[in-house]
Every structure is written in structure tokens, then in C-alpha cells.
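Visitor: One structure, pasted below without further comment.
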Amino acid sequence: MISIEEFSELLDEIAEELPVEFFKELNGGIILKKKAKLHPKSEGDDLYVMGEYSVSRQMGKQIFIYYGSFEKIYSDAGKGRIKNKLRKTVLHEFQHHLEKMAGEKQLEIEDQQQLIKYQKKKNERE
């Protein structure tokens, strides 16, 4: 796994590629967290949160990226693969942001459907 410094550089590169309009009302920006974050519905240690779009009264709108989660899932991956997965995660979180501004919930619904599939697979294995 690449260092958190290299990861941060990749994140900056990806953010710089995005249109300025994507950042409208994202007053908290993109925040890189060192920790790994397990999903609250994880059944074991196999469902990590890679990124998260957050809206709060105190902090406003922001995107969190969890370096530790990438470290857990992609520990053997090369820099190119990590950058691709990071780009996919960043775009996913920006889609949440843009949909929130537009009053849409399509991605939120898709995420919930993916979680249901995950839970079904877990239940079938038991």
C-alpha cells in the first residue's frame, strides 16, 4: 500500500481534475481520514466505508475519504489501481453531493440495494 502522503497527493490530483461546479456548497471540502471505517451493518470485518458524504449543521457539507479502509482492502494493490479506486470513490461521493443539491436520491437508493445484496449473501453463507 502506498503511504498516506502519496495517497493524499493522488486525492489532490483527482480533486483538481473535477469541474469547479462540483464543489459548490461543499463548504467542508474533501477530508482525508487516516483511520479505517467499518460500515455499521458490517457482519465481521469485510464491509469498509471507503468514502462518505456528510451533511451536518455544525460542519456543513463535506466528503470524507478513509485511507485506512483503502489500506485494509487494497493492501497489495499498486499505485495505479489505488488511484482508480480512489477516483471511483471520490466521484461516488460527489454524486451524493450533487444529488443532494438537486433533491434526488437515486444513488442513495442504489447504495441501500447494494447493502441488501450484501446482507443476503451473508445470510446465505450461514
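Visitor: When only residues in segment 31-73 that are among the hydroxyl-bearing types (Ser, Thr, Tyr) and part of a strand (DSSP E or B) count, which is surrounded by the most Cβ atoms within 10 Å (Cβ to Cβ)? Steps first, answer last, please.
Guide: Residues of segment 31-73 that are among the hydroxyl-bearing types (Ser, Thr, Tyr), as a first pass: 42, 48, 53-54, 56, 66-67, 69.
Retained after the next criterion (residues that are part of a strand (DSSP E or B)): 48, 53-54, 56, 66.
Values: TYR48: 17, TYR53: 20, SER54: 15, SER56: 9, TYR66: 22.
Top of the filtered list is TYR66.
Visitor: Still on this model: Can you work out which of the residues in segment 74-103 that are under 10 Å from MET1 (Cα atoms) and part of a helix (DSSP H, G or I) is farthest from the chain's Cα centre (by Cα)?
Guide: Step by step, filter segment 74-103, then rank; the result is LYS79.
Visitor: Confirm whether GLU25 is outside any loop (DSSP other than H, G, I, E, B) and surrounded by fewer than 17 Cβ atoms within 10 Å (Cβ to Cβ).
Guide: On the way: outside any loop (DSSP other than H, G, I, E, B): no; surrounded by fewer than 17 Cβ atoms within 10 Å (Cβ to Cβ): yes.
So GLU25 does not fit the description; no.
Visitor: Can you give me the number of residues within segment 101-126 that are modelled with pLDDT under 90, touching an Asp or Glu at 6+ places or on another chain (Cβ under 7 Å) and exposed (fewer than 13 other Cβ atoms within 10 Å of the Cβ)?
Guide: 0
Visitor: Report, by residue number, each residue of segment 59-85 that is under 26 Å from ASN27 (Cβ atoms) and of a type in the set (A, V, I, L, M, F, W, C).
Guide: Of everything in segment 59-85, those that are under 26 Å from ASN27 (Cβ atoms) and of a type in the set (A, V, I, L, M, F, W, C) turn out to be MET59, ILE63, PHE64, ILE65, PHE70.
Visitor: When LYS61 is evaluated against the numbered criteria (1) in contact (Cβ under 8 Å) with a residue 60 or more places away in the chain; (2) farther than 23 Å from GLN119 by Cβ, which criterion, by number, is the only one it fails?
Guide: (1)
Visitor: Okay, moving on. Name the pairs whose Cβ atoms lie under 9 Å apart, with the first residue in segment 15-31 and under 19 Å from SER56 (Cα atoms) and in contact (Cβ under 8 Å) with a residue 40 or more places away in the chain, the second surrounded by 14 or more Cβ atoms within 10 Å (Cβ to Cβ) and polar (S, T, N, Q), and 6 or more positions between them or separate chains?
Guide: Taking only residues 6 or more apart or on different chains, the pairs are LEU26/GLN62; ILE30/GLN62.
Visitor: Provide a single number: the residues in segment 64-123 that are under 17 Å from SER8 (Cβ atoms) and touching a residue at least 40 places away in the same chain (Cβ under 8 Å).
Guide: 13
Visitor: Also, quick follow-up: So which residues in segment 104-126 are outside any helix (DSSP H, G or I) and over 23 Å from GLN62 (Cβ atoms), if there are any at all?
Guide: If the condition is that a residue be outside any helix (DSSP H, G or I) and over 23 Å from GLN62 (Cβ atoms), then GLU126 is the only one that fits.
The values are calculated or read from the model by the stated rules, or taken from the named source; none is laboratory data. Since this is a predicted model, take the numbers as computed values, not measurements. Cβ: placed from backbone, ideal geometry, glycine included. Neighbour counts: every protein chain shown.
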